[in-house]
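The values are calculated or read from the model by the stated rules, or taken from the named source; none is laboratory data. A quick note: this is a predicted structure, and the numbers were derived from the prediction, not measured. Note: ideal-geometry Cβ built from the backbone for every residue, glycine included; neighbour counts use all protein chains shown.
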Amino acid sequence: MVASADWEEIYRLPTLFHRDCWKECDSYCCTTGKTFSCFSFIGKKGQDLYLFPGEMEFLRRENKLQQGFAESYAAYDIHLLNDATVKLDKVICNLKGQCTFHEFRPAICRFYPIFPVVGAEGRINAIEPFALVDYLRTDVLQKPPICAIDNVSFKELDHLLRFFSLIFTDPLNIFLLIAASRYKRHIKEIIFTKFPALVAEEEQDFFKKWERLYLFGKLVDKPQLLAELTGIYEEVMRQGATT
């Protein structure tokens, strides 16, 4: 039986890296900032937020859904090549940093901007830029990050490690984190192999052209990506069965 994460304990952890950090970057993580101003469609209804398995149910039980979450909630199925199906929960946040319940903000908001590069056994091997647009901005365009947080205290690091140890009790959470990381790298590889001229564009032009390619499905090789995600899923489940 696959263990589920203890969401009550996760939400009790005080993960706040720097108080009032939003004042230094115009609340970039919550308002989507200047990068999203380049887009014609992406982000216009708000920020897409993906929830871990069981997280939405926990927030509903606690009656602590942020404003707009219930109305925007959608569930998607990832159908892997081995007939496994992974459910993905998504909400849209349009609160621009003014959380209805700040202490009940979603897990992915709690560890932004630190995204863990995780092994199948649930060990953090490195960190990388968090959101896809952050990753493209730093790893493709070689621009400095916009988020003002560039260091974490020992105390907050301890909270963060405890946070991830609780998240990793559910192998599906490990899979989703690895899958998200691989998805970002996949898109980066497609850009460099099929659209190398895009990299030479100025930032605004890059993201305008990138949005069109992304929305028309030109930046994902679906059979290749599904094959990779299926292999990742099987390895994560094997590791989970032996721990």
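Taking the condition in a helix (DSSP H, G or I) and surrounded by fewer than 20 Cβ atoms within 10 Å (Cβ to Cβ), does Arg238 pass?
So Arg238 passes the test.
Residues checked against (1) at pLDDT below 95; (2) over 26 Å from Leu80 (Cβ atoms); (3) part of a helix (DSSP H, G or I):
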residue: Glu189; (1), (2), (3): no, no, yes
residue: Thr193; (1), (2), (3): no, no, yes
residue: Leu198; (1), (2), (3): no, yes, yes
residue: Phe206; (1), (2), (3): no, yes, yes
residue: Trp210; (1), (2), (3): no, yes, yes
residue: Val220; (1), (2), (3): no, no, no
residue: Leu226; (1), (2), (3): no, no, yes
residue: Gly231; (1), (2), (3): no, no, yes
residue: Glu234; (1), (2), (3): no, no, yes
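Checking Cys99 against (1) closer than 18 Å to Ala179 by Cβ; (2) of a type in the set (A, V, I, L, M, F, W, C); (3) part of a loop (DSSP other than H, G, I, E, B), which test does it fail?
(1)
Based on this model, can you work out whether Gln66 counts as over 30 Å from Glu201 (Cβ atoms), touching a helix residue (DSSP H, G or I) at 6+ places or on another chain (Cβ under 8 Å) and surrounded by 15 or more Cβ atoms within 10 Å (Cβ to Cβ)?
Yes: the conditions hold for Gln66.
Which numbered condition in (1) over 26 Å from Ala148 (Cα atoms); (2) over 20 Å from the mean Cα position of the chain (by Cα) is the only one that Ser4 fails?
Every condition holds for Ser4 apart from (2).
Being among the charged types (D, E, K, R), farther than 27 Å from Ser165 by Cα and either modelled with pLDDT of 95 or more or not in a strand (DSSP E or B) (or both) is the requirement here; does Glu71 meet it?
Answer is yes for this residue.
Look through Lys96, Lys90 and report the one residue that is among the basic types (Lys, Arg), within 28 Å of Gln204 (Cα to Cα) and at pLDDT 95 or above.
Result of the check over Lys96, Lys90: Lys90.
Report, by residue number, each residue of the range 50-63 that is in a loop (DSSP other than H, G, I, E, B), surrounded by 13 or more Cβ atoms within 10 Å (Cβ to Cβ) and not small (Gly, Ala, Ser).
Phe52, Pro53, Glu62, listed by residue number.
Could we say that Ala107 is closer than 23 Å to Thr230 by Cα, surrounded by 14 or more Cβ atoms within 10 Å (Cβ to Cβ) and small (Gly, Ala, Ser) here?
No: the conditions fail for Ala107.
Return the only residue of Tyr183, Tyr135 being in contact with a Lys or Arg (Cβ under 7 Å, 6 or more places away or on another chain), closer than 21 Å to Leu49 by Cα and either assigned to a helix (DSSP H, G or I) or modelled with pLDDT of 95 or more (or both).
On the way: Tyr183 fails: in contact with a Lys or Arg (Cβ under 7 Å, 6 or more places away or on another chain).
Every option except Tyr135 fails the conditions.
Out of curiosity, is Arg137 crowded, with 19+ Cβ neighbours inside 10 Å, out of contact with any helix residue (DSSP H, G or I) (no Cβ under 8 Å at 6 or more places or on another chain) and farther than 30 Å from Glu234 by Cβ?
no
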